[in-house]
Amino acid sequence: MADYYAAKVNGKGWLKAGTSGDGLHPDAKGYALMAPVARAAIRKAVE
């Protein structure tokens, strides 16, 4: 399982500043936060 929520939101449940151009979809910085989460989930799935 990949928990992108924990990586992308602040303590109030809003997207972290500078991670989305429209407040909904990730931008390059948002995807950079998601990448290690995805890598860890893939690594765990193939073990």
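Coordinate-derived values only; no laboratory data. Keep in mind the model is a prediction, meaning the values are calculated, not measured. Ideal geometry is used to build each Cβ from the backbone, glycine not excepted, and the neighbour counts take in all protein chains shown.
Near residue 23: Cβ cut-off under 14 Å, other residues only, Lys/Arg at +1 and Asp/Glu at -1. The net charge is +2. Basic side chains Lys and Arg get +1 at the Cβ, acidic Asp and Glu get -1 at the Cβ, and with that the dipole of the stretch 4-46 about its Cα centre reaches some 240 debye. Of the two radii for the chain, the radius of gyration is 1.03 times the Kirkwood radius, both from the alpha carbons; that is the Rg over Rh value.
Summing +1 for each Lys or Arg and -1 for each Asp or Glu, what net charge is found among the other residues whose Cβ lies under 13 Å from the Cβ of residue 1?
Summing Lys and Arg as +1 and Asp and Glu as -1 gives +1.
Nearest 500 deg cm²/dmol is fine: what mean residue ellipticity at 222 nm does the chain get from its DSSP H runs of n ≥ 4 alone, each adding -39,500 (n - 2.57), divided by its residue count? Estimated from H runs of four or more residues: -16000 deg cm²/dmol. Computed from the Cβ-Cβ distance with R0 of 35 Å, the FRET efficiency linking residue 16 to residue 43 stands at 0.90.
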